[in-house]
Each structure stands twice: as structure tokens, then as C-alpha cells.
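*Asks:* Here's a structure for you.
The values are calculated or read from the model by the stated rules, or taken from the named source; none is laboratory data. On a predicted model such as this, the values are computed, not experimentally measured, just so you know. Heads up, the Cβs are rebuilt from the backbone with ideal geometry, glycines too, and the neighbour counts pull from every protein chain shown.
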Protein chains: 2
Amino acid sequence: MKSPKSFRLHIGLFGQRNVGKSSLLNALTSQEVSIVSDIAGTTTDPVEKPMELLPLGPVLFIDTAGVDDEGALGQQRIRKTRAVIDRTDLAIVVSNAEVWGPFEEKLVEQFRERDVPVLVVFNKTDLYPMRSCMQNSLAGEKLKTVETSATTGAGIAALREAILKSAPDDFINRPAIVNDLVGPGEMAMLVVPIDKEAPKGRLILPQVQSIRDLLDGDSFCMVVKERELREGLRRLNTPPKLVVTDSQAFLKVAADTPPEIPLTSFSILFARHQGDLAEMVRGAMAIDQLQAGDKVLIAEACSHHPIGEDIGTVKIPRWLTQYVGGKLEIDSARGRDFPDNISDYKLIIHCGACMWNRREMLSRIMKARQLNIPITNYGLTIAYSLGIFERALQPFPGALEVYREALRKRAAKG
Amino acid sequence: MKSPKSFRLHIGLFGQRNVGKSSLLNALTSQEVSIVSDIAGTTTDPVEKPMELLPLGPVLFIDTAGVDDEGALGQQRIRKTRAVIDRTDLAIVVSNAEVWGPFEEKLVEQFRERDVPVLVVFNKTDLYPMRSCMQNSLAGEKLKTVETSATTGAGIAALREAILKSAPDDFINRPAIVNDLVGPGEMAMLVVPIDKEAPKGRLILPQVQSIRDLLDGDSFCMVVKERELREGLRRLNTPPKLVVTDSQAFLKVAADTPPEIPLTSFSILFARHQGDLAEMVRGAMAIDQLQAGDKVLIAEACSHHPIGEDIGTVKIPRWLTQYVGGKLEIDSARGRDFPDNISDYKLIIHCGACMWNRREMLSRIMKARQLNIPITNYGLTIAYSLGIFERALQPFPGALEVYREALRKRAAKG
């Protein structure tokens, strides 16, 4: 899915020549989908590099030329660099322990005046290690610093985490939950089963947020229990653009929804909205690789009386055990208490994290990804277990392709 | 509207003969709609008196014969009285300072064992004043006591308040918000405008509660903004049973809703659910009697950043002032800080109190009623001001009749 340039987080890379801006960029993106295109520029023009920076999504790196020249050509460069400063959402000032000085301090000052978040990267730490007096002085100025070596790869994960933490909210939090799939003046059908877990007199947050999101997008919706879905559909003279159901009613809803109407679940919407759908699709498919004795982590964002308590503590463990045909070692994590060491887990299954901001969920996804541990959510696990994964992913071509690609790979392996 | 017997709060009146049970009942009901019927019984049979006890609504008083007899006829009476104890939701043990003793204490004990709330009324305080040692001893036992004189009327308001406070939740909190007006398998249309006051990413509580209430009643709904209402209606091949709108969009929604479809507002639903619709209809009509210089109290249940802040503090005061054509003295009350002395007000306008339980709202309505001060809510005030009162009351025959009766009285006065 292409993102228009304006939706991408603009990350400006600044610094003197030869501090390693380009090699840093390569190190950040080496594991990635790769740079989509390089927009060619003259030697004085900043180079724009649109790319997918996981776990953040589409970003635009603006690689400025070195901005330390003072000559005639330098003056022109400085002017162009100033123009980049003005459209930077997040600034990375690259330097090293040898050259750090007034030039960098002035750059940082300019971003602070503009309220633009700024990260200082001390690169080439293999050649120029940081001195503690310098670290203390920077800490005193409350500068966010990361030490990296593009050559050895040290600090690259920390830089990625710092970018995630510093990115402005607007780029982290996706505006749409569902209205981009429905469209203005169009209708969605929301299926909301009321079981004993449903809190009295309320709807759960993802349901409320979905209704509100549809209204915000000039869409509207019909809200039914699964038993009234057929009657609801019968009342309409134009089919809904999309049916969204609670994962637990998936089979009944799939049976009652004509195949030409796209169908998905609140969990899948929130895997996309709060996390990363493609990553979680990959995660759900890793269930097939589980073996008896494997360690699985089930993580719940709410620390007290979560809505999905018996889903996370009873239903999913029971189903996984049956599926694997042997005992799994299942750990639980609650609230902010996510284990520091997750390297032993073969799979992490997270709740929808509807109470959290996306930044927090992306941070966990990133940690799992760095260790190559599959991560998914409750709803995707349920959808996968029910065998309706493909239908539920239909509205999301990118995620569907991830699924099909994985199936093709398996088939090729035999 | 008739209430089936089982929905009425069963209030058992117990006590020795001649403590004044009947006169107490008459005092409680003298201002009321009157006793609907007396079910005749033999001298030993308890007498059932169904009535409207404001502000509670339909109750069934069960007036037991004196239960102090010890003879043959007495044994039979005691047996029948025991049967009454078993179906009592709230017990009132009537006594006085002269006769209080082991008989009453044993009665109280029986209710406590059954977890039935019990009030002890010391009647005839004009003849038998309470002694402080007795009051202390009863307070030590944590007995809820009220001192009354049915003859002078003293304590009757306090007894009414104590009944309201002690009645079990199930009788105070009405189960239905809207689903009784829609019916199983039927549809309501909910109109939810999204303006700058709407909290980001959410729906306000009355809207969520209404959707949930419809699902609980096996009904379903379509949720639209006011601009999409026509399109929503156009999509349906069967009209909705009811359209419910936010009061602020009333005129547009009334224009876009065919006249044969019943229409009301969330505020009116909540005047009924959380308070007393008929009382609040009378209250709204009192706006016509306001004159420049009158004192008006605007009461908001939320103490911090209420949703309807500018409705209560700006819109309604402005509109009232214009309507009256002169300055009003408008006071504001927030949260639990309801003024002790409300006797100077000519009108009380309350928010929908969606965050409260009904008991609390009824208690305020009762206080206003005792002083004959009209009380209404924001939404009814807006509906009245927009001139769509009659249409908005159509789904509620009882409240509509209150409105029409008041109009007839005014017309008769000339």
C-alpha cells in the first residue's frame, strides 16, 4: 500500500560531512523492505529516501548534504538545509565524539526552538568512544543521545527504539480504525455479541471506537448481535461495504454473511490500528510450528480484570494445547510487566491493547522482531484457529499477500 | 401505564394494632394519585394497596393486620403475616415509644435474617415523644428509624426519603432505556452528531448505553450522524420503529424523519430512565411562567469538565433569557453540591445525570416536588424551546397526556 508523502514521518538527517550519515541510514534499513527509490539531486540538494522503517511504517528520510561548508557553495547548501529543517518532523543530528562542537549545538538549538523532537547520534563509537565527561554534559542538557557504530551494528536497535519514542503522536497513531475501508456515505455492519463477559450497560472500547471512527468518516453503521445479523441484512436494500464481527462469533457471522460482502473482525482492525497487521499475520501462522514443550507468552495490556480474561487465560491456552497435541509452557504477562528477556519464547500472543497508545504496542512488536520471535494477537489467533483467516484478511490486500506468500513458501518446502 | 404486580416494590407494613399503620399510609399517599384499589380481605387477611408512591413509582403496600394476637385467630394471623414477610422487598415496622419491645425486635430480626431492608417508624410522636436513651440504643443496633406523626404530618417527607434510600436497586433502576419501545427483532435509528464537544474517539455514555440496551433487548440499531440520516433511512426497506436523536440536532432530524416514524431524544429517554419523565415534562412547561428577576438553578451531575458544559452554562441561560425577555438570576450547582435550600428557585434544570444512579436523581426530584418547584432536564428544555415537545413525547403516552392536560388547563384559564 503506497502512502502519500505527506503521511510519512519526515526524518531529517543532519551533520558534518564524513560523520557517517549514509552508512547509518544503510544500517537502519538493512533488514528492511529496502529503499523504494532514491530521488536524485545535485550535490547541494538534500536526498529524499522514502522507505518503510519498521515498526513505524512509511517514513521519508531527508539526507542533507554536510552542512559545515562556509564557502559560496556552502552558503547555498546552508539555505537548502534550512528549508529541510522547516519540514522535519523528527531530527537526527549525526556526529561523533571527535567533532561534536558548536556547529551541532547550534543545530540542536534550532530544532528545540521549533519544538521539533531531536536525537543526537554519536556514530563511529568503534573509532571514537564517548568520554564520560561528555556524556554527563549532554545528559545535563537533557539531550536524547544514542551511541552507534554503523560498521559493527552496535546501537542500531537502540536508535530505532529512540525514533519510535520520539516520533510525534500524529505519525504513530493511525487516524483510521475502519472508515477508510467503508467510505463517506457508506455503511458498515458491526456484529457485537453480548455474552457474560460483556460489561453490564456498556460496549467494549474497540466497538465504541469503531462506531465513532465511522461517524468521523461520514460513514454510518448498523449494530446487531450475531443472532440478529440476518434480519439486519434483510432490512437493507444495499449491502454494507463491510461486516465487522467480534472474533468469537466469527463462524456464525461468516455463515450468515453473503460471500460477496467483505468480512473482518474488530481484532484485525485493531492489529492494524494499534500494531502491525502484517507482522501479526506472520505471528499467527507461526502457531503451526509450535511443538510440545515450547514456551509461549500470553500478554494482556490491562492489569486488572481485563475484558478478555478468560480468552487469554483459558480459551487460547486450551486451544493451543489441543492444536499442538501436547503440553506447552505458557507464561502470562499483565499490564506493563512485559518480561525483559523474551528470547526463550517461540510465540507471543498479545491482547488487542485497545487501552494503549500505538507507540507502546509497536515497541513490543519491535522487541519481538529483533529477536525474530513471532508475535500476534488474540483475535488473529482465534481467526486462524477457526480456519477463516483468508476471508478475514480479504479487506487488507497487503496482509493477505503476506499470508499467501507464507503459504506458497510452505508449499514449496513440501 | 399499568405495572404488573411483580414489577412493583412490595412494601410490607408490620406492627401491633393501633400503632397507626393505616393513618401513616394515608399520610404517605395523601398528595398522591390516590390508592388505585383496595383488595378486600377478611379481618385476618393482609390488605394489598397498589399505588404510585412518588418519586419511586408503582409500589404495592401490604398492610398486615396487627400481628400481636396470641389467641386462635391470632395464630392464623401470624401464619398469614409470615407469608407476607416472605414476599416483602422492603419492611416498615410501625411502632411508638410506648409499645416498642421484644415483639418489634423479633420482627426486625426476621427481616435482617432474610436480608430484607427494614425501616422502623416511631409514629404518634405528638403523643409519645422519643426518649434519647431509646434513640441511642436503636442507633447502636444500626436500625434505620424515622419519627413520624401521621396526625401532624411531621416526618412523612423523611419517611418517603428513607423508603427511596432503602429500596433494593432492582426497583429503583429501570431495566429498559429504549428497548421496550422498539421490541425484539426490530430496529431503532440513533442519530449521533459529532461536534466539537464530542470527546475524541468516544461516544457519550447515553449513546453507548442505548446501543447496549437495544442489543440486550434483541433489538438492533443503525447509528448515523444527522447529515447521513436521510441516506440511512433510504437504505432501509422497513422503517425503524423509533428514531432517537441528540437534542441539539432535533430540528434537522425532525425535518428528515417521516412523520409516521416515532421520534424522541436521548435526553427524553434518560429523563424516563434516570428520573421521572412526567415530572420533567411539567417542569419544562414551567418555563412559560418565568419572569425577569426569577431565580433558576442549573444543576450538573459531573463535577469536572462535563460533556454538556456549554449547554448548561451558555446555551440554556442564553435561550431562557431571550425567552423571558429579561434578566434571570441563574445559579449553577456541580456534582454533589446541590444547595440545601432550593425554596427560592422558580425552576431547576438538571443535566441528564447519565453518570448517576437513578436513586440519586429521584431524591433531587423529590426535594423539588416537596417544595412544589418545577424540575426538568437539559434535553427537555431544548425540546420545549424548539417547539417539538409534542412530537418528541409521542412514544410516551403517559407523559404526552401530562403535557396535553397542562395545555388544556392553560386554555381553560384563557
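*Asks:* Considering every residue within the range A:246-259, establish whether at least one is under 24 Å from A:Arg336 (Cα atoms), within 24 Å of the chain's Cα centre (by Cα) and either within 10 Å of chain B (Cβ to nearest Cβ) or not in a loop (DSSP other than H, G, I, E, B) (or both). Write out each step before concluding.
*Replies:* Start the filter on the range A:246-259 by keeping residues that are under 24 Å from A:Arg336 (Cα atoms), which leaves none.
Within the range A:246-259, not a single residue is under 24 Å from A:Arg336 (Cα atoms), within 24 Å of the chain's Cα centre (by Cα) and either within 10 Å of chain B (Cβ to nearest Cβ) or not in a loop (DSSP other than H, G, I, E, B) (or both).
*Asks:* Within the range B:385-409, can you find the residues that are in a helix (DSSP H, G or I), surrounded by fewer than 22 Cβ atoms within 10 Å (Cβ to Cβ) and either touching a strand residue (DSSP E or B) at 6+ places or on another chain (Cβ under 8 Å) or without any contact (Cβ under 8 Å) to a residue 60 or more places away in the chain (or both)?
*Replies:* Within the range B:385-409, B:Glu390, B:Arg391, B:Leu400, B:Glu401, B:Arg404, B:Glu405, B:Leu407, B:Arg408, B:Lys409 qualify.
*Asks:* Which residue out of A:Val108, A:Val121 is in contact with a Leu (Cβ under 9 Å, 6 or more places away or on another chain), surrounded by fewer than 24 Cβ atoms within 10 Å (Cβ to Cβ), at pLDDT 90 or above and not in a loop (DSSP other than H, G, I, E, B)? Before you say what the answer is, go through the steps one by one.
*Replies:* Details: A:Val121 fails: surrounded by fewer than 24 Cβ atoms within 10 Å (Cβ to Cβ).
That would be A:Val108, the only listed residue that is in contact with a Leu (Cβ under 9 Å, 6 or more places away or on another chain), surrounded by fewer than 24 Cβ atoms within 10 Å (Cβ to Cβ), at pLDDT 90 or above and not in a loop (DSSP other than H, G, I, E, B).
*Asks:* Now for a separate question. For the range B:186-214, enumerate the residues that are surrounded by fewer than 22 Cβ atoms within 10 Å (Cβ to Cβ) and closer than 19 Å to A:Leu236 by Cβ.
*Replies:* B:Glu186, the sole residue that qualifies.
*Asks:* At least 1 residues that are over 21 Å from A:Gly201 (Cα atoms) in each: list the strands (runs of 3 or more DSSP E) lying fully within the range B:137-240 that qualify.
*Replies:* Details: elements: B:144-147, B:187-191, B:220-224.
Per the criteria, B:144-147.
*Asks:* Another question about this same structure. Does A:Gly183 satisfy being over 30 Å from A:Lys252 (Cβ atoms), more than 10 Å from every other protein chain (Cβ to nearest Cβ) and either of a type outside the set (S, T, N, Q) or surrounded by 17 or more Cβ atoms within 10 Å (Cβ to Cβ) (or both)? Steps first, please.
*Replies:* Numbers: over 30 Å from A:Lys252 (Cβ atoms): no; more than 10 Å from every other protein chain (Cβ to nearest Cβ): yes; either of a type outside the set (S, T, N, Q) or surrounded by 17 or more Cβ atoms within 10 Å (Cβ to Cβ) (or both): yes.
For A:Gly183, the condition - over 30 Å from A:Lys252 (Cβ atoms), more than 10 Å from every other protein chain (Cβ to nearest Cβ) and either of a type outside the set (S, T, N, Q) or surrounded by 17 or more Cβ atoms within 10 Å (Cβ to Cβ) (or both) - is not met.
*Asks:* Would you check which residues across the range A:133-184 are over 23 Å from the mean Cα position of the chain (by Cα) and charged (D, E, K, R) and list them?
*Replies:* If the condition is that a residue be over 23 Å from the mean Cα position of the chain (by Cα) and charged (D, E, K, R), then A:Glu141, A:Lys142, A:Glu147 are the ones that fit.
*Asks:* Look through the range B:342-359, keep the residues that are over 25 Å from B:Asp288 (Cβ atoms) and at pLDDT 80 or above, and return whichever of them is surrounded by the fewest Cβ atoms within 10 Å (Cβ to Cβ). I'd like the intermediate steps shown before the answer.
*Replies:* If we filter the range B:342-359 for residues that are over 25 Å from B:Asp288 (Cβ atoms), which is where we start, we get B:354-359.
Narrowing further to those that are at pLDDT 80 or above: B:358-359.
Values: B:Arg358: 22, B:Arg359: 18.
Taking the candidates together, the pick is B:Arg359.
Residues checked against (1) at pLDDT below 85; (2) outside the structural domain of B:Thr151 (by TED's automatic domain parsing); (3) touching a strand residue (DSSP E or B) at 6+ places or on another chain (Cβ under 8 Å); (4) exposed (fewer than 12 other Cβ atoms within 10 Å of the Cβ):
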position: B:Ser23; (1), (2), (3), (4): yes, no, no, no
position: B:Gln31; (1), (2), (3), (4): yes, no, no, no
position: B:Thr42; (1), (2), (3), (4): yes, no, no, yes
position: B:Asp45; (1), (2), (3), (4): yes, no, no, no
position: B:Pro55; (1), (2), (3), (4): yes, no, no, no
position: B:Val59; (1), (2), (3), (4): no, no, yes, no
position: B:Ala91; (1), (2), (3), (4): no, no, yes, no
position: B:Gly101; (1), (2), (3), (4): no, no, no, yes
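*Asks:* Hey, does the range B:272-287 have a residue that's within 14 Å of chain A (Cβ to nearest Cβ), in contact (Cβ under 8 Å) with a residue 24 or more places away in the chain and not hydroxyl-bearing (Ser, Thr, Tyr)?
*Replies:* Taking the range B:272-287 first, the residues within 14 Å of chain A (Cβ to nearest Cβ) are B:273-274.
The next check asks that each one be in contact (Cβ under 8 Å) with a residue 24 or more places away in the chain; those that pass are B:273-274.
Then drop every residue that is not not hydroxyl-bearing (Ser, Thr, Tyr), which leaves B:273-274.
So far as the range B:272-287 goes, yes, one or more of its residues are within 14 Å of chain A (Cβ to nearest Cβ), in contact (Cβ under 8 Å) with a residue 24 or more places away in the chain and not hydroxyl-bearing (Ser, Thr, Tyr).
Here's the yes/no breakdown for (1) surrounded by 19 or more Cβ atoms within 10 Å (Cβ to Cβ); (2) assigned by TED's automatic domain parsing to the domain that holds A:Leu164; (3) in a helix (DSSP H, G or I):
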residue	(1), (2), (3)
A:Val281	yes, no, yes
A:Val296	yes, no, no
A:Ile316	yes, no, yes
A:Lys327	no, no, no
A:Arg336	no, no, no
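*Asks:* Does the range A:195-225 hold any residues that are more than 7 Å from chain B (Cβ to nearest Cβ) and either in contact with a Ser or Thr (Cβ under 7 Å, 6 or more places away or on another chain) or of a type in the set (Val, Ile, Thr) (or both), and which are they?
*Replies:* Within the range A:195-225, A:Ile204 is the sole residue that qualifies.
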